[in-house]
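Worksheet for the structure shown next.
Nothing in this text is a laboratory measurement; each read-out follows from the coordinates by a stated rule. Since the model is a prediction, treat every value here as computed from it, not as a measurement. Note: ideal-geometry Cβ built from the backbone for every residue, glycine included; neighbour counts use all protein chains shown.
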Amino acid sequence: MAKREILQYPDPRLRTPAKRVEVIDDRVRALVEDMFETMYDAPGIGLAATQIDVHERIVVMDVSESGDEPQVLINPEIIERAQTCDIAEEGCLSIPGYADNVERPDALLLRAQDIDGNEFELRAEGLLARCIQHELDHLEGRLFIDYLSDLKRKRLRRRYEKTARQRAEQTNRSGAV
Ligand code: GNR
Ligand code: NI
């Protein structure tokens, strides 16, 4: 098992759409293990493969208070969305230090495969429904800040570009040979 690096906004790789998983083999099982380790270590309640620069339709989640209810979604698809929405604050491990309100359908029906490749359906509401939608957005290359106003998003982009530049300078200083 190994912890993986989480891509940070505005890294353009976060915009890559993920491809379906065709075979669930040892490679996929090892990847899922790494994703759980990375998510629990962060800590976060969900992680999409996109965030660790793997562009395949795989999500791990644990929305329990106790942090002992791991869930894996392979090739997830939302097949029904509620007509009713709610608004709640979201954050993202790829956009550390920022949270904002997002409006989303408040319930959904999901179809996915588990780690053995068996198809299942899941009805979700509340935080689980929110997390699922946030993670499936990652698989399409979407981020929660895409739902904010243009002005807010522009400001955020500038702020995070600056942080990325500073990070790069820091790396150059300490890593220069
Ligand atoms: O840890 C996370 N918390 C969270 C809170 C509200 C809505 C969505 C999330 S997901 C986030 C982890 C993450 O960035 N997953 O992609
Ligand atoms: Ni996220």
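Under a Gaussian network description of the chain, with springs only between Cα atoms under 10 Å, the residue in 56, 125, 69 that fluctuates furthest is 69. Averaging Cα coordinates gives a centre for segment 126-167 and one for segment 82-120; these two points are 13 Å apart.
Cβ-Cβ distance of residue 149 and residue 172, R₀ of 41 Å, FRET efficiency by 1/(1 + (r/R0)^6): the value works out to about 0.75. Compactness ratio for segment 1-94: Cα radius of gyration over 2.2 N^0.38 Å (N = residue count) comes to 1.12. Among all the lysines, which ones have a C-alpha under 27 Å from residue 152's C-alpha, if same-chain residues fewer than 8 places away are not counted? Output for residue 152: 162.
Based on the alpha-carbon gyration tensor of segment 18-60 and its eigenvalue square roots a ≥ b ≥ c, which shape applies: rounded if a/c is under 1.5, prolate if not and a/b is larger than b/c, or oblate? It comes out oblate by the Cα gyration axes. Computed over the chain, the convex hull of the alpha-carbon atoms projects to a mean area of 11.4 nm². Taken along the Cα-to-beta-carbon direction at a fixed 7 Å, the label points for residue 85 and residue 33 span 4.2 nm. Diffusion of segment 49-91 by Stokes-Einstein, at 20 °C in a medium of 1.002 mPa s and with Rh set to the Kirkwood radius over alpha-carbon pairs, works out to 164 µm²/s. Around the amide H of residue 86, modelled in the peptide plane, lie the amide H atoms of 104, 106, all under 5 Å away and 5 or more residues distant in sequence or on another chain.
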